[in-house]
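Read through the structure below, which is laid out as structure tokens, and then see the notes.
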Amino acid sequence: MVDLKGQYIKIKVEIDNAIASVIDDTSFIKGEQVTLFEKELAEYAGSKHVITCGNGTDALQIAMMALDFKPGDEVITADFTFIATAEVIALMGLTPVLVDVDPETFLITPENIEKAVTSKTKAIVPVHLFGQCAEMEAIMQIAKKYNLYVIEDLAQANGSNYIFNNSQTKKAGSIGHIGCTSFFPSKNLGCFGDGGALMTNDDELAKKIRSITNHGMTVRYYHDNIGINSRLDTIQAAILRVKLKYLDEYNKARNIVASYYDKAFENISWLKIPKRTDWSDHIFHQYTLLVEDGKRDMLQKYLQQKNIPSMIYYPVPIHRQKAYSEYGFKDEDFSVTEMLSGKVLSLPMHTEMTEEQLKYITNSVTEFKF
Ligand SMILES: *Cc1c(COP(=O)(O)O)cnc(C)c1O
């Protein structure tokens, strides 16, 4: 699905030097590279503050800790996504309120969000799934109307631009009150282990977030907040400083792959190519097809026989997960997610794909007979 080795080889000298210099310094925790990466990512993302942390899941948790949510508070998020978002809501003793998504963009919709707002709602966590931003302008309007916080989950959308009605653009993560992201190796901006970050334009919030990531300290050994220990290693920051320079190029390479796939599949009646919204870039963290006529599992088996990897993101919607049964979610409230989990199939998508690989994959799919 990805080719991390191929990507590394192309920038091996730069990466190896960056790692070696951290080892030389032995400043493994909170070294200078961390501060520099935070500055550079803040500049890139158009966000005033970036605070790094241990991983994307921690970023979401830290955001909810910083906003002082209390048990029983409700947080609205998408049903069709990776578990992390709902997981931290539940872990914090908050109530996850799942909403259904759009059948074509796979994204949480403003309409479904507004229907789920109650007097207990404190926040909305839109997930910028597969590389496209959720409809942020409308989501921010709902948040304003009901006095809610918006925490963007941009783990799959580092570098994606949101396009406002007036044509102004902003980077994913810089629009809501807090943006949370991940540098898991396979993400569009990935490090060589776990990593994550929060971004915000609010000075006070930034201070509190920074303190929470480091045991609630601002001054050493004075604990003003109950915090956690969640930091980005200096080695990872040094790697990310190198890779951030290539992020736009990487996202462009993903788009070239997506266009190739689109062209090959657009006239196949039982395949639906991923829809592009008019309010966001698509940076194709995943290239996800809808496979109609009940052919999905057969197609996946066939591809496997041809040594072509494919993945189902996500096979079981959150509302059906065993660990979340106590919340009493009802299948009929999630008809789109139910449909999607039976039809989606993601194809190999990365920055190093060759024409030969693309030809083999697209020819194989095109020749598939049910
Ligand atoms: C990867 C991911 C996360 C979690 O990131 P980790 O760094 O693996 O903890 C959260 N949300 C979404 C949508 C993700 O894809």
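The values are calculated or read from the model by the stated rules, or taken from the named source; none is laboratory data. Predicted, not measured: the structure shown is a model, and the values here were computed from it. Positions of Cβ are generated from backbone atoms using ideal geometry, with glycine treated the same way; all protein chains shown enter the neighbour counts.
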*Return the total of residues in the range 164-186 being closer than 21 Å to ASN55 by Cβ and not in a loop (DSSP other than H, G, I, E, B).*
6
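Conditions tested, residue by residue: (1) at pLDDT 95 or above; (2) out of contact with any helix residue (DSSP H, G or I) (no Cβ under 7 Å at 6 or more places or on another chain); (3) part of a loop (DSSP other than H, G, I, E, B); (4) not assigned by TED's automatic domain parsing to the domain that holds THR213.
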{"site": "ILE23", "(1), (2), (3), (4)": "yes, yes, no, no"}
{"site": "VAL34", "(1), (2), (3), (4)": "yes, no, no, no"}
{"site": "PHE37", "(1), (2), (3), (4)": "yes, no, no, no"}
{"site": "ILE76", "(1), (2), (3), (4)": "yes, no, no, no"}
{"site": "PHE80", "(1), (2), (3), (4)": "yes, no, yes, no"}
*Of everything in the range 211-266 that's among the basic types (Lys, Arg) and touching a Cys at 6+ places or on another chain (Cβ under 8 Å), which residue is nearest to ASP16 (Cα to Cα)?*
LYS243
*What are the residues in the range 173-188 that are touching a residue at least 60 places away in the same chain (Cβ under 8 Å) and either more than 10 Å from the ligand (Cβ to nearest atom) or buried (at least 20 other Cβ atoms within 10 Å of the Cβ) (or both), if any?*
GLY173, SER174, HIS177, ILE178, GLY179, CYS180, THR181, SER182, PHE183, LYS187, ASN188
*Meets criteria (within 16 Å of the ligand (Cβ to nearest atom) and in contact with a strand residue (DSSP E or B) (Cβ under 9 Å, 6 or more places away or on another chain)) for ALA42*: no
*Only one of these is more than 16 Å from the ligand (Cβ to nearest atom) and under 28 Å from ALA134 (Cα atoms): ASP194, ASP202, ASP224. Name it.*
ASP202
_Residue identified as in contact with a helix residue (DSSP H, G or I) (Cβ under 9 Å, 6 or more places away or on another chain), crowded, with 18+ Cβ neighbours inside 10 Å and among the acidic types (Asp, Glu) among ASP281, ASP333_ = ASP281
*Looking at LYS12, LYS48, which is the one that is exposed (fewer than 13 other Cβ atoms within 10 Å of the Cβ) and either within 26 Å of ASN251 (Cβ to Cβ) or not assigned by TED's automatic domain parsing to the domain that holds VAL101 (or both)?*
LYS12
